[in-house]
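Enquirer: Please find one structure pasted underneath; my questions will follow.
The values are calculated or read from the model by the stated rules, or taken from the named source; none is laboratory data. As the structure is a prediction and not an experimental result, all values here were calculated from the model. With ideal geometry, Cβ positions are generated from the backbone for all residues, glycine too; neighbour counts draw on all protein chains shown. Heavy atoms of the whole protein, side chains included, go into the accessibility calculation; ligands, DNA and RNA do not. Shrake-Rupley method; radii C 1.70, N 1.55, O 1.52, S 1.80 Å.
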Amino acid sequence: MGHPCARRERRKRSRERRPYRPARRDRPSRRGRPGRGGRPGRLRAASAGPVALVVAGGLSVQFGAAVAVLLMPRAGAFGVVTLRLTLAALVLILLCRPRVRGYSRADWATVTAFGAALAGMNVCIYQAIDRIPMGAAVTLEVLGPLLLSVIASRRLLNAVWAGLALAGVVLLGGGGFDRLDPVGAGFALAAGAMWAAYIVFSARTGRRFPQVDGLALAMAVGAVLSLPLGLVEAGGALLVPTTLALGLAVALLSSVLPYSLELIALRRLPAATFAILMSLEPAIAALAGFLVLHQALSVLDAAAIALVILASMGAVRYRAGRRRTAGAAPAG
């Protein structure tokens, strides 16, 4: 064991032989910045990270939709939906391996409704972009979630935001939708209604199923519902290797990748900020249509899309502000 004084002497000599290392507060960080002084930069990066993931997810969805338009001459609109949902369901089931036992009838009814809304939303939006420009189709589609937000809030100011969005829709149609295929515009509006249903049943499914098991099962339900439509329209063309490859690209870009990015982002991003970023999708769709499909937008179309985006952001920010005010109010 040794005498205590001898042990203290050995520890003292050992400390003297050690090289000097500055304290953590004074040490430079790995990027050459002071350890404490780099914290604001890291905080900004942390806050920008999930926003970048959501924007990347929106880009992935809309550029995937643009690739789907290129696939439509090979498989048709119904065939593209079948390929997207079926291949996305296979990928998610292989990755997630969802449990199918131990759920109640109400659980299965919820996930079935979620899958039906998912299939209906995809069928309608692809029928729409087969007839009208992508930017116009997604602008009409985003009215569904906006209307759901207004109805849920029951506030006068949100009615103003809805009126602003309606003005954008009228402007997009040139005052009477003469420049848009009425069938395509109808499908886009139906896709918006399905999107609102998708949001409702997605939230309910998330409360009943762990992780992303509910999403994988709902995707499988949507694939089963869309399969007859795709087989009738495309038949054996769905099994052509090039068609399958493009369909897999659409499934990854429009379903698997964006859902994964959004799942990661929502762990650190407020839901209100997420919804504001979702309102940018008409602009992203217009950009994808211009770059991939060469669908030019007029100044009038751009102004209409901007109005709908402004209305969506205003409605969401107003709801978020009311939540903050209610949370800050003193109890009693």
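Enquirer: Tabulate in residue order the Karplus-calculated ³J(HN,Hα) for region 111-126, using 6.51 cos²θ - 1.76 cosθ + 1.60 with θ = phi - 60°, rounded to whole Hz; enter x for Gly and Pro.
Expert: These are the phi-based 3J(HN,Hα) values: 5, 5, 5, 4, x, 5, 5, 4, 5, x, 4, 5, 4, 5, 5, 6 Hz.
Enquirer: Considering the Cα trace of region 107-151, what is its radius of gyration and what is Dmax, both in angstroms?
Expert: 12.7, 38
Enquirer: Give me the extension gain from Leu94 to Val240: residue separation times 0.36 nm, minus the current Cα-Cα distance, reported in nm with one decimal.
Expert: Going from the current span to full extension adds 50.3 nm.
Enquirer: Just to verify a number: what accessible area does Asp107 come out at with the full protein assembly present, 1.4 Å probe, Å² rounded to tens?
Expert: We get 20 Å² for Asp107.
Enquirer: Also, quick follow-up: Could you check the simple spin-label distance between Ile264 and Ala167, using points 7 Å along Cα→Cβ, in nm with one decimal?
Expert: 4.0
Enquirer: So what's Rg/Rh here for region 183-253, counting alpha carbon atoms and using the Kirkwood radius for Rh?
Expert: Using only Cα positions, Rg/Rh for region 183-253 is 1.04.
Enquirer: Full-extension gain between Gln211 and Ala303, please, as 0.36 nm times their residue separation minus the C-alpha to C-alpha distance.
Expert: Residue separation times 0.36 nm, minus the Cα-Cα distance, leaves 29.2 nm.
Enquirer: Then there is this: Sorting check: for 295-303, 62-70, which peptide has the highest mean count of neighbouring beta carbons within 10 Å, and how do the rest follow?
Expert: Ranking, from highest mean packing down: 62-70, 295-303.
Enquirer: Report Ile129's accessible area, 1.4 Å probe, all protein chains in place, as a number in Å² to the nearest 10.
Expert: 10
Enquirer: How big is the accessible area of Glu262 in square angstrom, nearest 10, if you roll a 1.4 angstrom probe over the protein chains?
Expert: Approximately 30 Å² of Glu262 is accessible to the 1.4 Å probe.
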